[in-house]
Amino acid sequence: MKINIGVLTAGGDSPGLNSAIRAIGKSAYQKFDAHVIGFLDGFRGLMQDRHVHLDSARLSGILTVGGTILGTSRDKPDRMMVGSKKLDMTDAMLEVYNKHHLDVLVCLGGGGTQKGAHTLMKKGMNIITLPKTIDNDIPETDQTFGFDTALGIATEAVDRLHSTAHSHHRIIVVEIMGHNTGWLALGAGVAGGADVILIPEIPYDVAKISDAVLARSRSGKRFSIIAVSEGAIAVNDLHAQMELISQKDQAMTKEERKQITDDLSQFKITQKENAFHLANLLEKSTGLESRVTILGHLQRGGAPSATDRMLATQLGAACIDCIDKGIYGVMVAIQGGYTKPVPLDDIVGRCKSVPLDHPWIKSARYVGTCLGD
Ligand code: F6P
């Protein structure tokens, strides 16, 4: 069968993207008389028709390489910055899709990419997506590729912080990525034996954390490691934010609305400094010197783990099965070890948070970890 496949990677990069690109390309060449092209820098490269031929030479030697050989961006097809304007560029993308006589466009990405791909699906393109993100927050899939590698990196960081925190009798607050979910912080916190783990799903009370640190001090453990997810929020702040949102809904005048919108933006800025704020409060309340480590983009860098290489390869290969069967408008998920196409309609607009009864939460509590509540 003669088939034309387009591939792009969008959103934050993630270990395993190249493994997936390789699996798609190699499987396509095994199965079909295929022509595979890769668009550069996500949806922007599609709009601008910047592409490379993903021939077998380009697919060699990339299984173990971090990042994405195609480049990426956070552009949205229907709200793309062009000059100083945000424009709907989906028609331009459809033109490029048709120009290359594509039978399918495969989009590799996280929540934002699923949304963008869904928009293009509604425009009439045959779309298949793969779930990629270190955040692990895509619904209907047990895991996203990138997560396992980031989990390993964050766990090693928590491990290493132990000896320095112990030597100096300090509190170390380590901020872990994850966007609005706590999978990464919870996983690394449990695996690395953090004393306190704070995730967005469980708003925290600083007094409770302080009590936990002081209790450790009383029992002779004069240091604490606090793994805090970048999206974690204090109960008080959450209430204040909800109050502002409800005020915004009830605002009578344009000026009032603007003021509240500004206050909410300020909230987001302050939230970015959450780890530092928390460390200061704990230093004051416990008398222990505190330090902050922000792991940041380190968590997305470098070679994918064996698990991520295998997952990305499995999903990439399954994508070719979908093409063979003419199954489009789906994300290829992994469920119980098996791949499964899930309609994009069931993915878009949803986020997979950590359920409060998740076994990782239960085991953290069982071993005496404070979750800030
Ligand atoms: O979605 C992946 C992620 O690394 C999040 O964990 C984090 O909030 C965000 O991307 C950071 O985005 P950027 O790379 O654009 O700074």
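Rule-based calculations on the coordinates, nothing more; no lab input. These numbers come from a predicted model, not from an experiment. Don't worry about glycine lacking a Cβ; one is built from the backbone with ideal geometry, like all the others, and counts go over all protein chains shown.
Excluding same-chain neighbours fewer than eight residues apart, the aspartates and glutamates reachable from Lys122 by a Cα-Cα span under 12 Å are Asp78, Asp91, Asp345.
How much mean residue ellipticity at 222 nm does the chain get from its helices, if each DSSP H run of length 4 or more adds -39500 (n - 2.57) and you divide by all residues, to the nearest 500 deg cm²/dmol? Don't skip to the end; give the middle numbers.
On the way: 13 runs with 167 residues, N = 373.
Taken over the chain, the calculation gives -14000 deg cm²/dmol.
Taking amide hydrogens as placed 1.01 Å from N in the peptide plane, the amide H of Thr129 sits under 5 Å from those of Cys107, Val330, Met331, Val332, each at least 5 positions away in sequence or on another chain.
Counted over the stretch 1-67, the DSSP beta bridges are approximately 35% antiparallel. Mean separation of Cα pairs under 8 Å and 6 or more residues apart, divided by the residue count, gives the chain a relative contact order of 22 percent.
Cα centroids of the stretch 271-341 and the stretch 57-120: how far apart, whole angstrom? Each part's Cα centre sits 20 Å from the other's.
Antiparallel as a % of all DSSP beta bridges within the chain, to the nearest 5? Antiparallel: roughly 25 percent of the beta bridges in the chain.
The ellipsoid equivalent to the alpha-carbon distribution of the stretch 255-373 has semi-axes of 39, 24, 16 angstrom, derived from the gyration tensor eigenvalues as √(5λ) and listed largest first. Each residue of the stretch 367-373 was assigned a 3J(HN,Hα) from its phi angle through the Karplus curve 6.51 cos²θ - 1.76 cosθ + 1.60 (θ = phi - 60°); the sequence is 8, x, 6, 7, 9, x, 10 Hz, with glycine and proline shown as x. Here the peptides 67-75, 225-233, 255-263 are ranked by packing, the mean other Cβ count within 10 Å, and the order with the highest first is 225-233, 67-75, 255-263.
How long are the three semi-axes of the equivalent ellipsoid of the stretch 58-184, in whole Å, if each is the root of 5 times an eigenvalue of the C-alpha gyration tensor, listed from largest down?
Details: eigenvalues 279, 59, 38 Å².
So the equivalent ellipsoid measures 37, 17, 14 Å along its semi-axes.
When each pair of different Cα atoms in the chain is counted once in the 1/r mean, what is the Kirkwood radius in angstroms, to one decimal? Display every interim value, and only then the final one.
On the way: mean 1/r = 0.0454 Å⁻¹.
Over the chain, the inverse of the mean reciprocal pair distance is 22.0 Å.
Bridgeable aspartates and glutamates around Lys31 (alpha carbons under 18 Å apart, same-chain partners fewer than 8 residues away excluded): Asp55, Asp103, Asp321, Asp324.
The separation of the stretch 1-29 from the stretch 188-223, counted between C-alpha centres, amounts to 42 Å. Around the amide H of Ile171, modelled in the peptide plane, lie the amide H atoms of Ser224, Glu289, Ser290, Arg291, all under 5 Å away and 5 or more residues distant in sequence or on another chain.
Are any of the pairs Lys26/Lys362; Lys2/Lys352; Lys86/Lys272; Lys132/Lys362; Lys325/Lys362 more than 31 Å apart by Cα-Cα distance, and if so, which? Correct reply: Lys26/Lys362; Lys2/Lys352; Lys325/Lys362. Based on the Cβ-Cβ distance of Lys99 and Thr307, what FRET efficiency does E = 1/(1 + (r/R0)^6) give at R0 = 45 Å, to the nearest 0.05? Efficiency at R0 = 45 Å is approximately 0.75. Sorting Arg50, Arg216 by the number of Cβ atoms found within 10 Å of their own Cβ, with the fewest placed first, yields Arg50, Arg216.
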